[in-house]
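K.L.:
Handing you this structure, nothing more for now.
The values are calculated or read from the model by the stated rules, or taken from the named source; none is laboratory data. Predicted model, so just to flag it, every value in this text is computed and none were measured. Here the Cβ positions follow ideal geometry from the backbone for every residue, glycine too, while neighbour counts run over all protein chains shown.
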């Protein structure tokens, strides 16, 4: 049924445009070489860039034919949809789908399933709290508004161009990250052992301050000052306080205030050892979030930023971590972490400048990826 006078769009039930394939396979009995788990699917990417083998897993899996769609029905908010390049088997926590010709072009279906319209509905109809999952009998009844066949052809051309741009941007991002890591390792002596380095501990350059132990009664969304918690420090080196709790401003907590540009570290939880640079207005540090303060104002701030991004150094900080499933580190253990730096200050400054530029390029490529992804996902809303 058309939703406007120009007959450009139609309303369809999902079960009218997609067929659910549910053929079970025992991994130990298949002759196929590829296993695709949800962990092999990247959010908002139709390409499968890595995979396992059937011997990696046990229990019944789903048979997938080349060209069919693998959709992560568990935790749909992760936005995992991909088109298989092979005959393979996949996780039973996925749905295997293929287009039903008539109201939709086969090439258009995976793009539509990446759209905000589809994904928001998928999250909405998911059932369960800890691991929300979609049932096919519910999904097939959902009504969506999609372009008619002629307009789908136009969108496919545009979306394929966007995909090409995303692929090139992704390749550039991967290469730039590799180059950044190589220079970072040279600066801190994890490569280039024939170069002259000086040894020290992090505490020779900075001190680490712990946050304040706020009580749950202190938090209220109507209050003024956000509190930065360990969960606000993300794995990509950012500090995101969009979902932070808030408290009233208190003068006696001034030493726990965070300024824009401060370097923070998670000292417990799932992101222990991860750091981020805070960019925002006044905020407080919660307990188990550390802040770096420079001992010598002559220390190059970006030297510390790059050091804390080095995976080898992050691992060194965690060597003496206390705790069980989630490690804990203390300000003193962070300060006592050993490191090396190029002895020649001129060479050190040159590499820091290169790392600064590469870091900016990484941020730029990430921004381009986000813009292109949002364009693709919202193009036919």
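K.L.:
Might you let me know whether the range 125-137 holds any residue that is surrounded by fewer than 13 Cβ atoms within 10 Å (Cβ to Cβ), touching a helix residue (DSSP H, G or I) at 6+ places or on another chain (Cβ under 9 Å), over 30 Å from residue 29 (Cα atoms) and free of Cβ contacts under 8 Å to residues at least 60 places away in the same chain?
P.N.:
yes
K.L.:
Determine which single condition residue 357 fails, assuming it passes every other condition in (1) surrounded by fewer than 17 Cβ atoms within 10 Å (Cβ to Cβ); (2) in contact (Cβ under 8 Å) with a residue 40 or more places away in the chain; (3) more than 26 Å from residue 111 (Cβ to Cβ).
P.N.:
(2)
K.L.:
Within the range 315-328, identify whether any single residue is modelled with pLDDT under 95, over 26 Å from the mean Cα position of the chain (by Cα) and either in the same structural domain as residue 221 (by TED's automatic domain parsing) or more than 30 Å from residue 119 (Cβ to Cβ) (or both), and answer yes or no. Walk me through how you get there before you give the answer.
P.N.:
Step one: of the range 315-328, the residues modelled with pLDDT under 95 are 315-328.
Within this subset, residues satisfying the condition of being over 26 Å from the mean Cα position of the chain (by Cα) are 320, 322.
Of the ones still in play, those that are also either in the same structural domain as residue 221 (by TED's automatic domain parsing) or more than 30 Å from residue 119 (Cβ to Cβ) (or both) are 320, 322.
Yes, the range 315-328 contains at least one residue that is modelled with pLDDT under 95, over 26 Å from the mean Cα position of the chain (by Cα) and either in the same structural domain as residue 221 (by TED's automatic domain parsing) or more than 30 Å from residue 119 (Cβ to Cβ) (or both).
K.L.:
What is the number of the single condition among (1) under 30 Å from residue 344 (Cβ atoms); (2) surrounded by fewer than 16 Cβ atoms within 10 Å (Cβ to Cβ) that residue 145 does not meet?
P.N.:
Only one criterion in (1) under 30 Å from residue 344 (Cβ atoms); (2) surrounded by fewer than 16 Cβ atoms within 10 Å (Cβ to Cβ) is unmet by residue 145, namely (1).
Listed here are the residues, each with its yes/no results for (1) touching a residue at least 40 places away in the same chain (Cβ under 8 Å); (2) touching a helix residue (DSSP H, G or I) at 6+ places or on another chain (Cβ under 6 Å); (3) buried (at least 16 other Cβ atoms within 10 Å of the Cβ).
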| site | (1), (2), (3) |
| --- | --- |
| 281 | no, no, no |
| 306 | yes, yes, yes |
| 330 | yes, no, yes |
| 333 | no, no, yes |
| 342 | yes, yes, yes |
| 349 | yes, no, no |
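K.L.:
So which of 273, 269, 261 ends up being modelled with pLDDT of 85 or more and either more than 23 Å from the chain's Cα centre (by Cα) or surrounded by 12 or more Cβ atoms within 10 Å (Cβ to Cβ) (or both)?
P.N.:
On the way: 269 fails: modelled with pLDDT of 85 or more; 261 fails: either more than 23 Å from the chain's Cα centre (by Cα) or surrounded by 12 or more Cβ atoms within 10 Å (Cβ to Cβ) (or both).
Selected residue: 273, the only one of 273, 269, 261 that is modelled with pLDDT of 85 or more and either more than 23 Å from the chain's Cα centre (by Cα) or surrounded by 12 or more Cβ atoms within 10 Å (Cβ to Cβ) (or both).
K.L.:
Hey, another quick one. I'd like to check something: does the range 134-150 contain any residue that is at pLDDT below 95 and in a helix (DSSP H, G or I)?
P.N.:
yes
K.L.:
Among the listed residues 203, 211, 192, identify the single one that is on the phi > 0 side of the Ramachandran plot and either outside the structural domain of residue 364 (by TED's automatic domain parsing) or touching a helix residue (DSSP H, G or I) at 6+ places or on another chain (Cβ under 9 Å) (or both).
P.N.:
The conditions single out 192.
K.L.:
A further question follows. Give 246, 254 a once-over and let me know the one that is modelled with pLDDT of 85 or more and over 21 Å from residue 319 (Cα atoms). Lay out the reasoning, then the answer.
P.N.:
Values: 246 fails: modelled with pLDDT of 85 or more.
Within the list 246, 254, the selection yields 254.
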